[in-house]
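Chemist: There's a structure below that I have some questions on.
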Amino acid sequence: MQISNEIVLRPRFSQALDINQNKVLELFENAKNSQNAIKINILDSHVFLKIPIAHQHFWSPQLNLEVLKTNQASCTIKGLFGPSPTVWTLFMFFHFMTASLFLGFGIWTYTNWSLDTEFTRPLVLMFKMMYGIEMALN
């Protein structure tokens, strides 16, 4: 499996196995019952691996696996690393709100400018948003 140097927020992978799909799911079921270090949920051919709630932090990742049947004797596991869906939704919501506010201030600035009224307040708010984002990233 080749790894690139680019930053990926939710890395994905695929691994072919020479084991039957049912055997792989059975191995995950056995691991689920024999240990407590990782919380394992199995739903049909999907396996969800999470850190137990007692050890979880806000940004704790989880691994979602899908066991796909290739033929009778082999299968493919497709995986996705990422934050919990709740955190991912919150992350996307904040980005959407930031972009919406910036566009709103831009429309407000253009409207005031085209009506020949005072437009410095919305323009200053746009620049403050850019400065705030700049400071948050550093």
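The values are calculated or read from the model by the stated rules, or taken from the named source; none is laboratory data. Treat the numbers as computed from the prediction; the structure is a model and nothing was measured. Because the Cβ atoms are built from the backbone with ideal geometry, glycine has one as well, and the counts that use them run over all protein chains shown.
Chemist: Considering only the range 44-63, I want to know if a residue exists there that is surrounded by 13 or more Cβ atoms within 10 Å (Cβ to Cβ), in contact with a helix residue (DSSP H, G or I) (Cβ under 6 Å, 6 or more places away or on another chain) and outside any loop (DSSP other than H, G, I, E, B).
Modeler: For the range 44-63, residues surrounded by 13 or more Cβ atoms within 10 Å (Cβ to Cβ), in contact with a helix residue (DSSP H, G or I) (Cβ under 6 Å, 6 or more places away or on another chain) and outside any loop (DSSP other than H, G, I, E, B): present.
Chemist: Separate question: For Asn112, indicate whether it is among the polar types (S, T, N, Q) and part of a helix (DSSP H, G or I).
Modeler: Answer is yes for this residue.
Chemist: Another question, if that's okay. Being among the charged types (D, E, K, R) and without any contact (Cβ under 8 Å) to a residue 24 or more places away in the chain is the filter; apply it to the range 1-36 and report the residue that is surrounded by the most Cβ atoms within 10 Å (Cβ to Cβ).
Modeler: Of everything passing the filter in the range 1-36, Lys32 is surrounded by the most Cβ atoms within 10 Å (Cβ to Cβ).
The rows are residues; the columns are (1) within 30 Å of Asp44 (Cβ to Cβ); (2) not assigned by TED's automatic domain parsing to the domain that holds Leu49.
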residue: Asn71; (1), (2): yes, no
residue: Met92; (1), (2): yes, yes
residue: Phe96; (1), (2): no, yes
residue: Leu101; (1), (2): no, yes
residue: Ile107; (1), (2): no, yes
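Chemist: Same structure again: Starting from the range 70-84, take each residue that is closer than 30 Å to Phe58 by Cβ and touching a residue at least 12 places away in the same chain (Cβ under 8 Å) and list its partners that are surrounded by 14 or more Cβ atoms within 10 Å (Cβ to Cβ) and among the acidic types (Asp, Glu), counting only C-beta distances under 7 angstrom and pairs at least six apart or across chains.
Modeler: Qualifying pairs under 7 Å: Lys78/Glu66.
Chemist: Taking the options Ile38, Ile77, Ile51, name whichever one is among the aliphatic types (A, V, I, L, M), farther than 19 Å from Arg12 by Cα and in the same structural domain as Leu17 (by TED's automatic domain parsing).
Modeler: Working: Ile77 fails: farther than 19 Å from Arg12 by Cα; Ile51 fails: farther than 19 Å from Arg12 by Cα.
Result: Ile38 is the single residue among Ile38, Ile77, Ile51 that is among the aliphatic types (A, V, I, L, M), farther than 19 Å from Arg12 by Cα and in the same structural domain as Leu17 (by TED's automatic domain parsing).
Chemist: Go through the range 1-32 and give me each residue that's outside any loop (DSSP other than H, G, I, E, B) and more than 15 Å from Glu66 (Cα to Cα).
Modeler: Result: Asn30, Ala31, Lys32.
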